[in-house]
Amino acid sequence: MMQGFLQAASTEKEKDKVVTIWVKQVKDLAFEVEDCLQEASVHLMKKNCLPIMCSVKKRDHIAKQIQMLKTRIEDVSKRNLRYQLIKGNGGHTYDESASTKSIANVEALLVGLDEPKRKLNQLILKWNGEAVISVVGMGGLGKTTLVREVFGFQELRNKFNHFSWVTVQHPFNKEEFIQSLAKQIPFDPNENKSELLSKKPIEEKVTEYLKNNKCLIVLDDLSSASEWNKIKDVLPMVNGSRIIVTTRLRPLAESISHRSDNIYEVRELSEIDALDLFIKAVYKIPNYHIDMVTEAGLIIKSCGQLPLAIVTIGSYLATKPKTSAEWKTMRENLSSELANNPNLGVVNNILTSSYDRLPYHLKPCLLYLSVFHNHKEIRRSRIIRRWMADGYVMGGRKRTAEEVGKSNYYDIMGRNLIQPSQMDTIVNGDVKRCSIHDLMYELILEKAVDENIVSLLEDKYLLTMTDKVRHLVIAGGPCTRDNFQERVKLSHMRSLSIFGEVGDYLSYPRMKLVRVLDLEGTLNLNDGDLRSIGKLHLLKYLGLRGTKIKKLPNSLGKLSELETLDIRNTCVLLLPTGVTKLHKLSYLRAGSNDYFYHQTPMKDKLDDIAKKIKLKRGDNFVSSGVQHFTSLCWMIPNFPCYYLEKFEESKVDHLSGGVRVPRGIGKLRSLNNFGTIDIAGSNSLAKEMENLTNLRKLAVTGFTKNNGKTLGVVINGLKHLRSLVLKAKDESGLGCCLNAVSSPPKYLQSLKLHSDIDGQLPDWISSHENLEKIHFKCTYLKGGIKFIEKLPNLKILCMLKNTFLVGEKELCFSKGTFPMLEVMNLEDIDELESVSIEKTSLKKLEQLKINRCWYIKDDGLSGLKFLLQLKEMEVRYTNRNKNLGANIEEQLKNHPKEPVLRLIKNTDPKAEEPKAQQRKTQEPKAQEPKAR
């Protein structure tokens with residue numbers, strides 16, 4: 001009832017301070033009710049371990065708590081009736097005049113818009129059968145400013161004979177919208193305009209006029225599909241008319257513009273343009289030289305290169321002393337200044353309006369993101385799994401909690417409140433990493449702290465409104481146990497997130513209600529810190545990714561509620577036997593995917609060491625080899641100690657990239673994401689996996705001929721499998737496993753093969769209709785890519801080191817091949833000398849990367865003009881093929897998509913060294929089918 005009431009209260013258009021305080025009281029009560037129930041459940045779970053008198057005493061305490069809460073609930077309910085709070089007035093209003101004034105300031109100081117204006121103008125003039133053009137971006141990016149500039153172009157004035165601009169009001173009123181259009185229409189001058197507008201059929205007259213003229217109409221700040229459905233019949237979609245819509249919602253733009261070609265996305269300013277804009281706002285002079293460039297750059301970074309914020313803050317600083325101390329003070333107090341300074345309030349209003357327009361169920365999900373203190377690169381899986389564990393998303397009859405969480409994630413992203421990470425490859429809208437704009441993060445952190453959702457302990461200072469901590473975020477240096485206990489009460493805490501050093505923050509007896517323990521990337525975490533983790537009986541999420549832990553305690557088996565265990569990229573090589581008791585575990589990520597070789601900054605030095613001791617990646621180290629390897633590693637300055645720790649044991653394959661699991665793993669029937677596991681030639685372990693029938697993602701390494709066939713038979717039975725990663729232990733390769741797969745999972749979408757195929761791909765891969773993503777590495781494929789070129793739904797193709805047999809120097813994409821491919825990455829293919837693309841092949845390719853293929857000739861890339869959808873291309877080259885870049889530039893000079901081209905000249909002297917001798921030793925012998 002309380003949750004339902006809070007939802008109803010959130011829809012009130014006007015709230016005064018008394019209502020706000022009262023709503024906080026209701027929220028706090030709701031939290032305490034949940035805490036009481038959780039405490040009762042903890043007690044009941046351990047009732048068999050307590051003496052009778054202790055149990056009675058505990059039950060009596062819980063009963064008194066419930067009675068006290070019921071009394072408080074009655075009091076807060078009477079308070080609403082007494083003051084009629086839900087009907088309060090005089091609340092927050094949006095300052096439209098201040099917003100208009102700031103937008104005018106942005107327009108007066110325009111920089112960096114020449115190219116966007118040119119592209120948008122071309123888009124308007126280019127008729128492709130669709131009338132609606134959408135301009136998308138988060139609030140404050142300058143969508144309205146850009147459209148207003150283009151709206152005044154003389155070229156457009158000559159092409160259209162009627163122009164209208166309507167700012168969509170919220171809440172939307174169709175009659176007001178029609179009136180706004182009508183006032184801009186030159187009706188018959190003999191007819192009195194006021195009388196005309198008062199007549200009933202005014203909508204018909206407006207519609208008739210617009211459809212009989214070639215019009216350019218701007219709808220500024222459209223916010224929902226319902227608004228569009230109410231007005232679209234009034235608008236002209238014929239005679240070459242164009243409708244320009246500005247919106248913050250990407251899904252809305254896609255639904256009304258239909259074609260992606262008709263969507264223009266406004267992005268943040270470049271660093272140079274942002275600095276120019278800031279200088280013009282402060283000094284009113286373009287290109288003015290300043291000495292405080294560093295401090296200016298930090299302010300711009302705090303503004304997230306958002307034009308509205310830069311102009312507003314710059315204009316405010318123009319009235320202040322232009323000193324480094326003044327600017328530093330502004331930067332350090334930016335969030336409070338934006339919230340409380342009336343001169344800067346417009347920025348806060350713009351961002352707050354984005355939050356206020358969110359549906360009720362998305363608001364807590366967005367505020368919860370404030371727990372990610374390092375908010376520039378957040379994995380989607382981390383967000384969704386934490387939402388699930390903390391109860392922010394819940395499944396139903398038709399959708400799982402994970403599906404609901406993914407839907408919420410994309411809904412928030414579609415509203416431009418979070419952005420796709422620049423490091424992420426996006427295909428079919430699948431965004432696996434995101435970032436939060438600096439100013440938006442400050443906004444949601446402020447709201448989350450204000451509503452007592454999140455408490456931030458930063459550099460030993462606690463930022464919270466009450467002493468009841470719900471979701472605690474710790475950032476900065478370590479804190480002593482006594483100091484920490486004095487500052488923070490943990491008895492009500494639901495989640496703990498640490499960014500920085502662990503210190504004495506882990507106090508398990510006081511954290512009995514914790515559901516989420518996120519220690520990802522923390523420093524100085526050791527095995528001893530996890531010894532008592534079994535006391536967290538309600539724990540659902542345990543994140544240890546990127547830490548230096550080497551061993552998990554067997555008390556892990558006491559976490560009966562655990563659903564997510566993430567130990568990816570740690571030094572854990574063996575899972576404890578207690579993990580087999582975690583019957584609710586659905587997400588287990590462990591091991592690493594060539595983590596040792598690819599993510600080490602000393603990769604090339606390690607290659608040299610490996611050659612000296614004549615060892616191959618993927619082979620077992622004998623003890624003497626380990627000692628030799630370790631002694632050589634110590635010669636490398638600053639070599640990370642935890643890499644050495646991975647070689648001190650000899651029980652497992654340290655370079656397999658997986659972890660060993662105990663017998664009984666087949667009991668975990670709730671698992672749907674499992675990897676990377678090293679089955680190490682164990683036939684019984686491979687057999688156990690056939691019980692994991694709910695698996696959707698599986699990564700397996702370390703199998704041999706002895707158990708590879710068994711693994712293939714198990715894969716046949718995993719009917720729900722969507723993603724599969726396979727890496728063999730020895731030179732026997734993947735053939736024994738892949739050839740045993742007779743009826744592959746029907747819905748398999750992603751396949752990564754990281755070992756020798758031993759010939760050609762099996763037929764089931766070449767004909768699998770649902771495959772969308774394929775990775776090849778060290779596969780030594782025979783016959784090149786011809787076996788996968790007809791796959792109807794393949795969208796991502798990565799071909800890495802030793803993908804092909806030695807001696808195959810040409811890669812040809814013939815006519816009609818790879819019809820749906822959008823992303824292709826060629827990397828470390830030493831033998832490759834040429835890539836040719838024929839007409840009608842790769843017709844949907846948007847992103848092409850060619851990295852470290854050092855032997856491609858100057859004219860080795862041909863047919864780029866046939867890649868009609870190409871948006872981005874990256875090539876690394878050296879002095880050996882120094883003319884390659886010029887050749888690529890010439891081919892893309894007149895490309896209709898104007899793709900972004902990044903040409904990166906290699907600076908590694910090793911790439912310049914001749915490898916003739918090395919290449920000679922790799923040439924295949926006549927009598928052998930292949931050679932290494």
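Only the coordinates and a few stated rules stand behind these numbers; no lab work does. Keep in mind that this is a model prediction, so the values were computed, not measured. Quick reminder, even Gly has a Cβ in these numbers, built from the backbone with ideal geometry, and neighbours come from all protein chains shown.
In table form, for the structure just shown:
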{"item": "Out-of-range pairs (alpha-carbon distance over 22 Å; input LYS232/LYS363; LYS558/LYS584; LYS126/LYS897)", "result": "LYS232/LYS363"}
{"item": "Anisotropy class of segment 798-861 from Cα gyration tensor, a/c 1.5 cut", "result": "prolate"}
{"item": "Long-range amide H partners of LEU525 with built H, under 5 Å", "result": "VAL502, LYS548"}
{"item": "Convex hull of segment 262-362 built on C-alpha atoms - directionally averaged projected area, nm²", "result": "8.2"}
{"item": "Cβ crowding within 10 Å averaged over residues, with 231-239, 736-744, 151-159 ranked highest first", "result": "736-744, 231-239, 151-159"}
{"item": "Taking the convex hull of Cα positions in segment 648-804, its mean projected area over all directions (nm²)", "result": "8.7"}
{"item": "Cα centre as origin, Lys/Arg/Asp/Glu Cβ charges: segment 470-592 dipole, Debye", "result": "380"}
{"item": "Order by protection proxy (mean Cβ within 10 Å, highest first), peptides 163-175, 816-828", "result": "816-828, 163-175"}
{"item": "Estimated vicinal HN-Hα couplings, Hz - segment 112-124 in sequence order (Karplus 6.51, -1.76, 1.60; Gly, Pro = x)", "result": "x, 10, 4, 5, x, 5, 5, 5, 5, 4, 5, 5, 5"}
{"item": "Cα-based Lys proximity count in segment 690-762, under 16 Å, for pairs eight or more positions apart or on separate chains", "result": "11"}
{"item": "Cα convex hull of segment 321-434, projected area averaged across orientations, nm²", "result": "9.4"}
{"item": "Burial order of peptide ranges 338-351, 523-536, 562-575 (average beta-carbon count within 10 Å, highest first)", "result": "562-575, 338-351, 523-536"}
{"item": "Under Karplus coefficients 6.51, -1.76 and 1.60, residue-wise ³J(HN,Hα) of segment 688-704 in Hz, glycine/proline x", "result": "4, 5, 5, 7, 8, 6, 8, 4, 10, 9, 9, 10, 10, 9, x, 7, 10"}
{"item": "Cβ-based net charge around ASN239, under 9 Å, with every Lys or Arg adding one and every Asp or Glu removing one", "result": "+2"}
